[in-house]
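For reference, the structure discussed in these notes is given below.
The values are calculated or read from the model by the stated rules, or taken from the named source; none is laboratory data. Here the structure is a predicted model, which means the values were calculated and not measured. Neighbour counts run over all protein chains shown; Cβ positions are idealised from the backbone, glycine included. When the accessible area is computed, the model is the full protein with side chains, heavy atoms only, and any ligands, DNA or RNA have been set aside. Shrake-Rupley method; radii C 1.70, N 1.55, O 1.52, S 1.80 Å.
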Amino acid sequence: MERNEFLDILTVLNHLAHADGEMHPSEKKVLIALFRVAKVTPEEQEQIRRHTSLEEMMEEINSDEAKKALIDLLALIAGADGVFQEEEEDLIKKVMKRVDITPEEHPYFKNGEGLDIALVRSNAKKILESIASQF
């Protein structure tokens, strides 16, 4: 995965964390962990803050590896507070459609019935280590 793709992923994650109007402390904790493991610089943080168009970010996430990481990380953020909000679900479905991944194809979604929060939370360390290994 290219570094710019990862920064775009972080931008999408930031949108999700704010989807219900406020960022839950556990969502913030996950984002901070991601920034740390990926060694995001202050300049990159500013780049993330400047991007406001979700559609533009989605256009720049092209590799299969980045698409998978995006969905894994969206699931991690959405499940961080233990509740899968309707706004989060709507955004994730939109993103999944955009990257051509169906809920039935992804292990963290129960046959299209929603996010398997317990499974995502049990795999949090594995997801973060996967990101850390790339940077």
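Couple of notes before you dig in:
- Lys, Arg +1 and Asp, Glu -1 on Cβ, resulting dipole of the chain about Cα centre, debye, nearest 20: 560 debye
- Take every Cα pair under 8 Å whose residues are at least 6 apart in sequence, average their separation, divide by the length of the chain, and the relative contact order is 33 percent.
- For the chain, accessible area per residue (1.4 Å probe, heavy atoms of protein chains only), Å²: 54 Å²
- Cut-off under 5 Å, modelled amide H: who pairs with residue 109 long-range: 116
- Carbon/sulfur fraction of accessible area - the chain, other protein chains in place, 1.4 Å, %: 48 percent
- Positive dipole terminus of segment 12-58, leading residue within 14, 37, 47 (C-beta point charges): 37
- Taking a ≥ b ≥ c as the square roots of the eigenvalues of the alpha-carbon gyration tensor, segment 53-135 is classed oblate because a/c is 1.5 or more while a/b is no larger than b/c.
- Modelled spin-label separation between residue 110 and residue 22, with each label point placed 7 Å from Cα along the Cα-to-Cβ direction: 2.7 nm.
- Point-to-point label distance, residue 126-residue 41, nm (Cα→Cβ direction, 7 Å offset): 3.4 nm
- Judged by the mean number of other Cβ atoms found within 10 Å, the most tightly packed of the peptides 70-83, 44-57 leads the ranking 70-83, 44-57.
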